[in-house]
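For reference, the structure is listed below as structure tokens.
The values are calculated or read from the model by the stated rules, or taken from the named source; none is laboratory data. Bear in mind the structure is a predicted one, so any value in this text is a computation, not a measurement. Note that each Cβ is placed from the backbone with ideal geometry, even for glycine, and that neighbours are counted across all protein chains shown.
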Amino acid sequence: MPRALTFGALLIALIVLLATPVACSTQDPGVQTSAKPALGSRTAPGDDLLGEAKSARRPGEITSVEYLSTPWMFDSSSGLHRGLKLTSPNYEIYTTKTTKSFIDRLPLFYEAALANYTSALATLPYPEERLITFLFSDRKQWMDKTRAVLPDQASAFRNLGRGGFTTRGTAVLYYIDYWRSRRHHDTLAIAAHEGWHQYTQSTFHNSLPVWLEEGVATYMEGFRNRRGMTIFSPADNYERRGALREAYFKAKNNPEKFHLIPLDTLVTKTPQEFLKIDKSILLTYYAQVWALVRFLSEGEDGRYRPGLEQILMDAANGNLVKHMRKFGGKTAWLKSDSSALLGRRVISAYFTDDFEQFERSYLAYVEEIANAGRGERSRF
């Protein structure tokens, strides 16, 4: 089973931080399963239901997904918590958040998200095995699971905001929506973001540059609901657009104090480096990489879209490192000192040799999004 060597991702209040990759066991002492399965509202006789969601290539084609619901117990520091294991064609979801409206929606949302991952920006392969998600009803249960999965890093999570992380293809999240009007939106947006990390960590043979990995993950967050169906659209990402507008107008109105992150810095530095500066600039980072992937997808009448499709397919098929070596000589792609490979060299290899003109066009695109406001809609 291919696994790209990449960073695990930690998403907190729609701010994404990167966690060091650590082996994640899905059979740790805190997991107990029931021997007697109980069928949910949309049930399946077993693994034969791998058909519909795997064959649907566009998210709009998936209007229903059969799944198997079985009792599951999570053994935490506060005792046993009743939950469910939801098995759909491409996912195993372990959750202690058993609200019916959430459970009814969760497997379908994940399958639609996967269809979006494999078709929105390029034709990409489905994972060979089901992807595993743990989604807890509260932060305390999530912290117990975090200590089991990332014992050496759990202390760093205590004072951080809401969200979750992904490591070695397994996502560990918790429910963050407590306003009925939100209809589980923020939790599902995090699930969509972390789902991209699950997908690439489990399926890609080469890891993407950090800026592109995180940019695509933010691209996948945006969605809206229409007639009971989830429609994924990067323009429907109000958190990222809001952060981009704020950063843009601060820079425009007070350029001596504020500025957007220069493109050369954006595609070279990691989120950890921005976090060391300030959390607000980390928000700007994620808003800008969201805009950058959108620019590559639809900017300048789709000029850069073929290159975006190619780099994603190269990473999935294991040709990215080979392609980059033509531009980087013997420099190792994954060494910590290979930051140049994350920046201008990738832009040159897949998009254009004129980096300065590329940046000007990108900033013009950022200005376009910022001025459009909430009424802005994706071209695709």
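Sort through Trp290, Trp333 and tell me the only one that's at pLDDT below 90 and aromatic (Phe, Trp, Tyr).
Details: Trp290 fails: at pLDDT below 90.
Being at pLDDT below 90 and aromatic (Phe, Trp, Tyr) holds for just one of Trp290, Trp333, which is Trp333.
Kindly provide the set of residues from the range 84-113 that are in contact with a His (Cβ under 8 Å, 6 or more places away or on another chain) and basic (Lys, Arg), ordered by number. So that I can check it myself, show each step before the final result.
The first filter runs over the range 84-113 and keeps only residues in contact with a His (Cβ under 8 Å, 6 or more places away or on another chain), leaving 96, 101-102, 105.
Answer for the range 84-113, where residues must be in contact with a His (Cβ under 8 Å, 6 or more places away or on another chain) and basic (Lys, Arg): just Arg105.
Any idea which residue in the range 46-65 is farthest from Met143 (Cα to Cα), counting only those that are at pLDDT 50 or above and buried (at least 20 other Cβ atoms within 10 Å of the Cβ)?
Of everything passing the filter in the range 46-65, Ile62 is farthest from Met143 (Cα to Cα).
Only residues in the range 127-148 that are touching a residue at least 12 places away in the same chain (Cβ under 8 Å) count as the first member; pair them with residues that are assigned to a helix (DSSP H, G or I) and among the β-branched types (Val, Ile, Thr), Cβ under 8 angstrom, at least 6 apart or cross-chain, and list the lot.
Pro127/Thr203; Glu128/Thr203; Leu135/Thr187
Could you list, in sequence order, the residues of the range 84-134 that are of a type in the set (S, T, N, Q) and outside any strand (DSSP E or B)?
So in the range 84-134, the residues of a type in the set (S, T, N, Q) come out as 87-88, 90, 95-96, 98-99, 101, 116, 118-119, 123, 133.
Those that are of a type in the set (S, T, N, Q) and outside any strand (DSSP E or B): Ser88, Asn90, Thr96, Thr98, Thr99, Ser101, Asn116, Thr118, Ser119, Thr123.
Just the residues that are in contact (Cβ under 8 Å) with a residue 24 or more places away in the chain and more than 24 Å from Ala189 (Cβ to Cβ), please, taken from the range 278-304. Talk me through it step by step, then tell me what you get.
Restricting attention to the range 278-304, the residues satisfying the condition of being in contact (Cβ under 8 Å) with a residue 24 or more places away in the chain are 279, 282-300, 304.
Answer for the range 278-304, where residues must be in contact (Cβ under 8 Å) with a residue 24 or more places away in the chain and more than 24 Å from Ala189 (Cβ to Cβ): Glu300, Tyr304.
With (1) at pLDDT 90 or above; (2) surrounded by 14 or more Cβ atoms within 10 Å (Cβ to Cβ); (3) in the same structural domain as Tyr362 (by TED's automatic domain parsing) as the list, and Phe249 as the residue in question, which single condition is left unmet?
(2)
For the range 199-222, state whether one or more residues are among the small types (Gly, Ala, Ser), assigned to a helix (DSSP H, G or I) and surrounded by 23 or more Cβ atoms within 10 Å (Cβ to Cβ). Even if it seems obvious, please write down each step before you answer.
Looking only at the range 199-222, we keep the residues that are among the small types (Gly, Ala, Ser), and these are 202, 207, 215, 217, 222.
In the following step, the residues that additionally are assigned to a helix (DSSP H, G or I) were identified as 202, 215, 217.
If we keep only those that are surrounded by 23 or more Cβ atoms within 10 Å (Cβ to Cβ) as well, we get 215, 217.
Scanning the range 199-222, I find at least one residue that is among the small types (Gly, Ala, Ser), assigned to a helix (DSSP H, G or I) and surrounded by 23 or more Cβ atoms within 10 Å (Cβ to Cβ), so the answer is yes.
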